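The values are calculated or read from the model by the stated rules, or taken from the named source; none is laboratory data. Bear in mind the structure is a predicted one, so any value in this text is a computation, not a measurement. Ideal geometry is used to build each Cβ from the backbone, glycine not excepted, and the neighbour counts take in all protein chains shown. The protein model used for the area step is the full one, side chains on, heavy atoms only, and it has no ligands, DNA or RNA in it. Shrake-Rupley method; radii C 1.70, N 1.55, O 1.52, S 1.80 Å.
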Amino acid sequence: MRSQHATNRLASYSTPLILAVLLVGLVVLVAVFGDRSLARTAAETLVRVTLVVSLWIFVGNSGVISFGHAGYMAIGAYCSAWLTLKPQSKALFLPDLPEWLMQAQWHVLPAAIAGGLLAAFIALLSGAAILRLSGIAASIATFAFLAIVNTVYSNWEGVTGATSSVVGLPRYVDHWVALGWAVAAIVAANVYANSASGLALRATREDEVAARASGINMYRHRLLSLVISGFFTGVSGALLGHSIGVLNPDSFYLGITFISLAMLVIGGIGSLSGAVVGVLLLSVLIELLVRAEQGISINETQLALPSGSQEILIGIAMIVVLIVRPNGLTAGKEFKLKPQWLRQSRLVGAKSTN
Amino acid sequence: MKRLALASAVAALALPAMADDITIGFAIAKSGWMEAYDTPAATAAKIRIDEINANGGLLGRQIQWVEADTKTDRQQSAKAGLQVIDDGADMMVVSCDYDFGAPAALSAEAEGMVSFFLCAEDVKAGIQGVGPLAFSGSVLAAVQGATMAEWSNAKRDAKTGYVLLDTTIEYNKGICSGFDWMFPQLDGTEIVGRDTFKNDDASIASQITRIKALPTEPDVIMLCSYIPGAASAVRQIRAAGINSLILNGSAVDGSYWLDATPDLSGFVVPVQGSIYGDDPRPAVEDFNLAYEKATGARPSSSYAYPGYVLIDLWAKAVERAGTLDGAEVTAELEKMQNEPTAFGPRSFSSELHHQNTAEMQIIEITDGAPAQVDQWTISTPVPLDVLLGRN
Amino acid sequence: MSNLAQLFFDAASLGGLYAMAALGIALIFGVMKLVNFAHGEYIAFCVFALIVPSTDAVAVMFLGKAPALILIPVILGLGAAIAVASEYVVFRHLRKADPVAMMIASFALGFVIRNALLATYGGRPKAVSLWPGLNTPVDIAGASVPLLQLIVILSTLLVVTGLALLLKKSRIGLEMRAAAENFTMARLLGVRANRVITGAFALSGALAAAVALIMVTQTGVADVRMGGQIMLVAFIATVLGGLGSLPGAVAAGFLVGIVSVVLQAWLPLEARPFRDAFLYTLVIVCLLVRPQGLFVPASAKPRV
């Protein structure tokens, strides 16, 4: 008989499996039944899953609200663009890039990883300063970080193209690529959350003083979670860029900051499942309303919502969810197999840990 | 508006389009802030489509249109592009702004389909930023700035210029780059100072203080901005008692914002055609009346015109090519040199799918009343290097 | 010397505007720990209330036609009304929720207001000619200053002293200050929560309306996005000043305005577009040096 603790642990590792099955199922449905526009919606949603799960790695575990993640996205997205664009077009639009970067023409996968790594590195630097703060002061500092990234990227003519968009990114991100990264982010988030550092960090979230008294170095754990979070956020930025095909600093500012935070909070900030559920629910709702704006035929009568009502309705829906469930839809609970099941089917459980 | 709305509703209901109809796909903003810019130009495009249909259609076929809303959102723009392709579009018209139109235009490009930006004025809205099948119906921002420089020097004897750049969007930088290229080339001219601001700055008091600190007031101030920031800047400039002639890009055309600075004088805008009923070319006023008949109001700025022009040019190219094939229509478009349109001649080449020179109408606002005072074509087309920011 | 005087007036008028907005944010934060991201939309709402609802390009004055003596109280009242209404409809039901959930709700509310304005008025910015006479320059201390700048500075002083008096002398003011310092304790001592919170929202909304009137007079335009930038600056000022400290918010608002103007005036041309990057770097530095805020009440120190 396995100990209670071991089965609980095993049960917590079932969360990413359930979430991955959910996402794969959705993508297969879309691939089989959907049109091209729906396939794009699926890809877009999965990029958002990657983003919001990355956001959760830091925000969910530390309890510090970050407004700065769109900044890491921008860093990852531009890095991937620098590495994958054709040298001629870089010479034309980004003339101040250093020579080696100008000549670089990487494959998209290593470029996305490089984007993530650069974002993680910047997360380390910025976090080293910002995470000395706590609570709302830390949040404001992350916002200041975002504003700095945005100002620099909007004005650094020869390197980021400033307000002029960077063009010619290969649009390789379809629903399968996005699915791969979303699952990778979910697995990483789960592994981190169940690691010693993740558990320690969540202890500081619940009670900073008590955790400190137990010898937990909050600063170090926060920084580690921000670096991991920064990596996947950077990747999600690269994915977003390679899904739209055109980069502009404006894409990585307040709009995406708020929508990703809203998805996280509405799903339930306390759990990884909440992060995924929030994205899926809001994305499906948005898509339904957009389609309703375009018109639905019922018994030969054309019904359509007026243009622009989608935004208003989605805002109202968010408020209603928050009023009804202030802790989010999942209220901090994870989807996982019940420990009893794992104990009963010991054989299966033992196999999977081998 | 009603008639057009009805027509579009009928068009939407008639889907899928009849097999021998030609379909134009509009992937444009029907909600969000871009809507205000896309709708007038799209309306103008539909007026031209109706005219062509009334004259027997194109290649003997009627033209239909389908629409998808980009919601002023880049991701939605890409989806709207795919959607109109799936709805059977043979050619795509995308949003006015490069950023919001490009994702849809890229989808058209991938299908080998010709796409036209409704009124983008960035060189990227074409070969350089989308691909060999993308065009813009408008005139490059740099041409507007260069027109202002040359005209003010020739007609108002402007010798000293001050450049005030709003760094918020690329369009503004395009205007200023045209001015910066042209103005110093002219006889005895000097740019005496420059400054930047952001469109949503609550106040530009310190920028104004810098202008006032100059030993003499500059002859002209080149203001590279758009509404609302431009209106706000003008109000503050005049309030500070600065009386220099203020030069602008086409983006500030339209009398709708003039209340922001009552009794404004000495304010000049270059446009493709006058909405005020005083354009020397009768075809422009005919269009204004057609627009009024279709929507119940005259165009509120000259940004409706490029929509009309682009359908006109594309239809001519299709007629000459005898096919809707993207590559062949593009080849015909690229042969156009000074092709006459209601709004002046237009040219395309295999290097540039944009206008690097154009006959601009000069609108001057005096005592709060705008009027066409002159027309001007720059002496040399803006070179590609300037357009790409390599000068 | 005249240059310095000019700089002073530019800085003080922008700072005054930020201070008023920061005060609006700080009031609500004080009583219910809510960072109200809808504040910017209150500003936009008040601006649009001046004109007739229509998507036409040309704006027709609606409330804006009224004489100042009627217009000002009506707009201030309207600002107070929308703030109180939003408390009644949304935030009242979130009293027990986490501050993060409230913040997201406020963002969603702002999103609804903004899109409702877009749907009613169209996306094109509108011109609003409110009191153009106020833009006539006057000469003071060797500087030429638009009358409006003086009015902004004076009215900020007026609003701040008025508010200070209200908070010091009146019963509701006393309750509000008590609530801002320690809400739970204040309630235990008999402060009526609903009254205080409604009062704070009403004042905050009226401050948003005041900011709206100043901005529209200064710029002459109405745009749905016009409140956003100022709201963010105000939010930062509130934290810089020390959360829960109303004088701190005012002082920090002024400070941000002054630094912004000074940077614009003294940075070389090449660096000027990066103005905000410098500004926000200073914000981070300030926070690191004094995480509890520049001007803090004793109660803000965390007790272990």
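Scanning region C:83-94 for residues being more than 8 Å from chain A (Cβ to nearest Cβ) and closer than 12 Å to C:Asn36 by Cβ gives a total of 4. Screening B:Glu190 against (1) open to solvent by less than 40 Å² (accessible area, probe 1.4 Å); (2) touching a Lys or Arg at 6+ places or on another chain (Cβ under 9 Å); (3) of a type in the set (D, E, K, R) leaves a single unmet condition, (1). Under 6 Å by Cβ, and 6 or more places apart or on different chains, what pairs join a residue from region C:134-160 that is at pLDDT below 80 with one that is surrounded by fewer than 17 Cβ atoms within 10 Å (Cβ to Cβ) and among the polar types (S, T, N, Q)? Pairs found: C:Gly142/C:Ser2; C:Ala143/C:Ser2. Being at pLDDT below 90 and in contact with a strand residue (DSSP E or B) (Cβ under 8 Å, 6 or more places away or on another chain) is a property that A:Gly215 lacks. Reported count of residues in region C:67-91, each being part of a loop (DSSP other than H, G, I, E, B) and open to solvent by less than 30 Å² (accessible area, probe 1.4 Å), is 1. Checked against the criteria, A:Ile228 does not count as within 13 Å of another protein chain (Cβ to nearest Cβ), open to solvent by 10 Å² or more (accessible area, probe 1.4 Å) and part of a helix (DSSP H, G or I).
Determine whether region A:12-33 contains at least one residue that is open to solvent by 10 Å² or more (accessible area, probe 1.4 Å), outside any helix (DSSP H, G or I) and either closer than 25 Å to A:Ala120 by Cα or touching a His at 6+ places or on another chain (Cβ under 8 Å) (or both). Checked against the condition, which is being open to solvent by 10 Å² or more (accessible area, probe 1.4 Å), outside any helix (DSSP H, G or I) and either closer than 25 Å to A:Ala120 by Cα or touching a His at 6+ places or on another chain (Cβ under 8 Å) (or both), region A:12-33 yields no hits at all. Inside region A:170-196, residues that are over 21 Å from the mean Cα position of the chain (by Cα) and surrounded by 22 or more Cβ atoms within 10 Å (Cβ to Cβ) make up a count of 0.
Can you find, within region B:294-309, the residue that is nearest to the other protein chains (Cβ to nearest Cβ) among those that are closer than 16 Å to B:Ala283 by Cβ and either of a type in the set (Asp, Glu) or crowded, with 18+ Cβ neighbours inside 10 Å (or both)? Going through the qualifying residues, I end up with B:Pro299. Condition check: over 22 Å from C:Pro273 (Cα atoms) and away from chain C (no Cβ under 12 Å). Does B:Ala260 satisfy that? Here the answer is no, as B:Ala260 does not meet what is asked.
Conditions tested, residue by residue: (1) touching a residue at least 12 places away in the same chain (Cβ under 8 Å); (2) of a type in the set (Asp, Glu); (3) more than 21 Å from B:Leu388 (Cβ to Cβ); (4) crowded, with 23+ Cβ neighbours inside 10 Å.
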residue: A:Ala91; (1), (2), (3), (4): no, no, no, no
residue: A:Glu99; (1), (2), (3), (4): no, yes, no, no
residue: A:Pro110; (1), (2), (3), (4): yes, no, yes, no
residue: A:Gly115; (1), (2), (3), (4): yes, no, yes, yes
residue: A:Phe143; (1), (2), (3), (4): yes, no, yes, yes
residue: A:Val152; (1), (2), (3), (4): no, no, yes, no
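Can you spot a residue in region C:102-125 that is more than 14 Å from every other protein chain (Cβ to nearest Cβ) and among the hydroxyl-bearing types (Ser, Thr, Tyr)? No, region C:102-125 contains no residue that is more than 14 Å from every other protein chain (Cβ to nearest Cβ) and among the hydroxyl-bearing types (Ser, Thr, Tyr). Looking across A:Gly116, A:Gly135, one residue alone is of a type outside the set (A, V, I, L, M, F, W, C) and farther than 28 Å from C:Val35 by Cα. It is A:Gly116.
Here region B:227-254 is the region considered, the condition is being within 9 Å of another protein chain (Cβ to nearest Cβ) and in a loop (DSSP other than H, G, I, E, B), and the residue that is surrounded by the fewest Cβ atoms within 10 Å (Cβ to Cβ) is B:Gly241. Of the residues making up region A:106-143, those that are more than 16 Å from A:Leu55 (Cβ to Cβ) and under 21 Å from the mean Cα position of the chain (by Cα) number 15. Of note, C:Ala97 satisfies the criterion of being assigned to a loop (DSSP other than H, G, I, E, B), within 30 Å of A:Val324 (Cα to Cα), within 11 Å of another protein chain (Cβ to nearest Cβ) and hydrophobic (A, V, I, L, M, F, W, C).
Considering the conditions (1) farther than 21 Å from C:Pro273 by Cα; (2) within 14 Å of chain C (Cβ to nearest Cβ); (3) surrounded by 19 or more Cβ atoms within 10 Å (Cβ to Cβ), B:Asp219 is excluded by exactly one of them, (2). The residue of region A:233-258 that is farthest from the other protein chains (Cβ to nearest Cβ), among those that are surrounded by fewer than 22 Cβ atoms within 10 Å (Cβ to Cβ) and part of a helix (DSSP H, G or I), is A:Ile256. Pairs linking a residue in region C:3-21 that is within 8 Å of chain B (Cβ to nearest Cβ) to a residue that is open to solvent by 10 Å² or more (accessible area, probe 1.4 Å) and among the charged types (D, E, K, R), with Cβ atoms under 8 Å and 6 or more positions apart or on different chains, are C:Gln6/B:Lys212. Being on the phi < 0 side of the Ramachandran plot, more than 8 Å from chain A (Cβ to nearest Cβ), touching a Gly at 6+ places or on another chain (Cβ under 8 Å) and among the small types (Gly, Ala, Ser) is a description that applies to B:Ala104.
Restricting attention to region B:53-110, the residues being basic (Lys, Arg), in a helix (DSSP H, G or I) and open to solvent by 10 Å² or more (accessible area, probe 1.4 Å) number 1.
Filtering C:Met215, C:Met226 for residues that are open to solvent by less than 40 Å² (accessible area, probe 1.4 Å), within 10 Å of chain B (Cβ to nearest Cβ), of a type outside the set (D, E, K, R) and not in a helix (DSSP H, G or I) leaves a single hit, C:Met226. Scanning region A:318-344 for residues that are of a type in the set (A, V, I, L, M, F, W, C), buried (at least 18 other Cβ atoms within 10 Å of the Cβ) and more than 15 Å from A:Gly274 (Cα to Cα) gives A:Ile319, A:Leu337, A:Leu342. Are any of the residues in region B:146-165 within 14 Å of chain C (Cβ to nearest Cβ) and open to solvent by 10 Å² or more (accessible area, probe 1.4 Å)? Looking for residues that are within 14 Å of chain C (Cβ to nearest Cβ) and open to solvent by 10 Å² or more (accessible area, probe 1.4 Å), one finds at least one in region B:146-165, hence yes.
Per the listing C:Arg124, C:Arg114, the residue uniquely in contact (Cβ under 8 Å) with a residue 60 or more places away in the chain, in a helix (DSSP H, G or I), basic (Lys, Arg) and open to solvent by 10 Å² or more (accessible area, probe 1.4 Å) is C:Arg114. Just a yes or no: is a residue in region B:115-132 more than 30 Å from A:Gly161 (Cα to Cα) and at pLDDT 90 or above? Scanning region B:115-132 turns up no residue that is more than 30 Å from A:Gly161 (Cα to Cα) and at pLDDT 90 or above.
Pairs meeting the criteria (first residue in region C:253-273 and away from chain A (no Cβ under 14 Å) and within 16 Å of C:Leu14 (Cβ to Cβ), second residue modelled with pLDDT of 85 or more and open to solvent by 20 Å² or more (accessible area, probe 1.4 Å), beta carbons under 8 Å, at least 6 apart or on different chains) are C:Ala265/B:Thr209; C:Ala265/B:Arg210.
Of the helices (runs of 4 or more DSSP H) lying entirely inside region B:291-391, the ones with 1 or more residues being within 22 Å of B:Met182 (Cβ to Cβ) are found at B:384-387.
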